[in-house]
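Taken together, the values in this text are just the output of simple stated rules run on the coordinates, not laboratory data. These numbers come from a predicted model, not from an experiment. FYI the Cβ positions are ideal-geometry reconstructions off the backbone, even for glycines, and counts take in every protein chain you see.
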Amino acid sequence: MEINNKLLSIQDLSRYDIESLINSANNMRKKSDTKQALPPFILGLLFFQESTRTQIGFQSAAYKLGGQVFVVKETKSQNSMSKSESIEDTFRTTQAYADIICIRDIDDKIFSKTSELSTKPVINCGNGYDEHPTQTLIDLMAIKEFHGSIDNLSIAIVGDLAYMRVAHSLLLGLSKFNNIRISCISPKSLSMPKKYKLIYEKSKNKFLETDQLDLRNFDVVYMTGFAPRTPIKTFSKATRKKYQIDQKILSTLKKKAIILCPLPRIDEISNKIDKTKYAKYFEQSDLGVYMRMAIIKKLLSMR
Ligand code: CP
């Protein structure tokens, strides 16, 4: 974020930036009962794809910082009853009404269409099947919270690694830390795309791929889940079952292992394990508002 005031990829951040954001988020959290207002600002949420946590999380974060929020969910370009409008025009006009913009879109290329036009800080809240950097910042904050460090860990990333953008950003984010061992566990047809692996492989960290759900040796099990809609067919019940974390798998985990998940989950993690010591995904989600506050604060300070 030293380069510009946009957070479009986790690649925009150095390890130092990530650790500073985690520290800032933790400071917000510890002082959560005191007023943390910034000078007046308006956050514009352009969410052209559905969201629960990210949208509400950024809304809540902005309110906690004393800001105001507007949300655009449907553009004229998506509404067949209206005249068609390009995403470029929608972006150009709506950003003028905000001090900082969050965007989620189904299009991987949304930022190559809008970046040239942007005059305000922009946050990528999920671009198609590509990246979800703010979720990764929450994930890294959770890893630090529960293991005390992000270095020297063995991490399994499980699920649809081809189309789940959280998995791509997480792999890239972890490449900035030291002595990490990652195992990407997915059906062969849904393995981690080469373009993210090539970036990760530039780090000195270890990387393995397998289609077998063997979770015996990991400090962190990150269940990305399976995207509800992908360019390939939906998965059979047997595939979902093969990669489900259930009580049987749980009994094989290391004693200090944690299970994280960006949520939503359908059946990827059996709800029977929600109350076990391994299940940290709801606490991970709770951290999200503080990380989003830290991101807004950081980007607004760079205007
Ligand atoms: N984790 C996440 O991005 O959730 P939402 O799709 O609900 O925003």
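In terms of distances greater than 25 angstrom between alpha carbons, the cross-link table entries Lys6/Lys256; Lys144/Lys202; Lys195/Lys298; Lys204/Lys280 yield Lys6/Lys256; Lys195/Lys298; Lys204/Lys280.
Residues considered: Lys109, Lys31, Lys242. Largest GNM mean-square fluctuation over the chain, using C-alpha springs under 10 Å, is found at Lys31. Legend: calculated FRET efficiency, Ser203 to Ile42, from the Cβ-Cβ distance at R0 = 45 Å, rounded to 0.05, equals 0.70.
Helix screen, the chain: DSSP H segments with Cα axial length of 20 Å or more and mean Kyte-Doolittle hydropathy at least -1.0 are 133-147, 281-301. Around the amide H of Ile100, modelled in the peptide plane, lie the amide H atoms of Ile42, Gly44, all under 5 Å away and 5 or more residues distant in sequence or on another chain.
Express as a percent, rounded to the nearest 5, the fraction of DSSP beta bridges in the chain (both residues included) that run antiparallel. In the chain, DSSP labels about 5 percent of beta bridges as antiparallel.
Largest mean-square fluctuation among Pro262, Pro187, Pro40, in a Gaussian network model of the chain whose springs join Cα atoms under 10 Å apart, belongs to Pro40. Among the chymotrypsin sites (Phe, Trp or Tyr not before Pro) found in the stretch 14-59, not one is both in a DSSP coil and sparsely packed, with 10 or fewer other Cβ atoms within 10 Å of its Cβ. Top mean-square fluctuation among Lys237, Lys206, Lys254, Gaussian network model of the chain, C-alpha springs under 10 Å? Maximum among the listed residues: Lys237. With contributions of -39500 (n - 2.57) from each DSSP H run of at least four residues, the per-residue ellipticity at 222 nm computed over the chain stands at -10500 deg cm²/dmol.
Peptide packing for 189-197, 155-163 was compared via the average number of neighbouring C-beta atoms within 10 Å per residue; ordered from the highest value, the list is 155-163, 189-197.
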